[in-house]
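Everything below concerns the one structure shown next.
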Amino acid sequence: MQPSLTERYRGALLGLACGDAVGTSVAFQPQGSFKPLTDMEGGGPLAGSSDPNTAGNGSLMRLAPMVLYCFPDRDRLLELSANSSRTTHAAPEALECCQLFAELIHNALQGARSRICLDSRGHA
């Protein structure tokens, strides 16, 4: 049985909250420089990073609610996902990544299987 659109919305927001809760403990630390997380702990920096290896992550992390707001209007979704990133991360790479991630979320909301979601622009 396919989940309803409301259940997909809830799943997107729950995933956003869980990812944020886990990620805050290791934000802005290089990969491999910390022990693997085994639970959710609070803490971590509150400001954005200028490190090119982390720049843009914030715009991706806050993207899901905007996608839910625009769904199912794909054209508006692409425009607003780039605009959403521009508020803090205006590098072309960040804009394009937000547009791609917005398409992935859009495809998932439509009920596409994960393999199809990942192939929204010919990327696998």
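Nothing in this text is a laboratory measurement; each read-out follows from the coordinates by a stated rule. Predicted model only: the values in this text are computed from it and were never measured. For neighbour counting, all protein chains shown are included, and Cβ atoms are generated from backbone atoms with ideal geometry for every residue, glycine included.
Overview of results
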| read-out | value |
| --- | --- |
| Sites Thr24 and Asn83 - FRET efficiency at Förster radius 30 Å, r taken between beta-carbons, to 0.05 | 0.75 |
| Segment Asp39-Ala112, length gained on full extension (0.36 nm per residue, minus Cα span) | 23.2 nm |
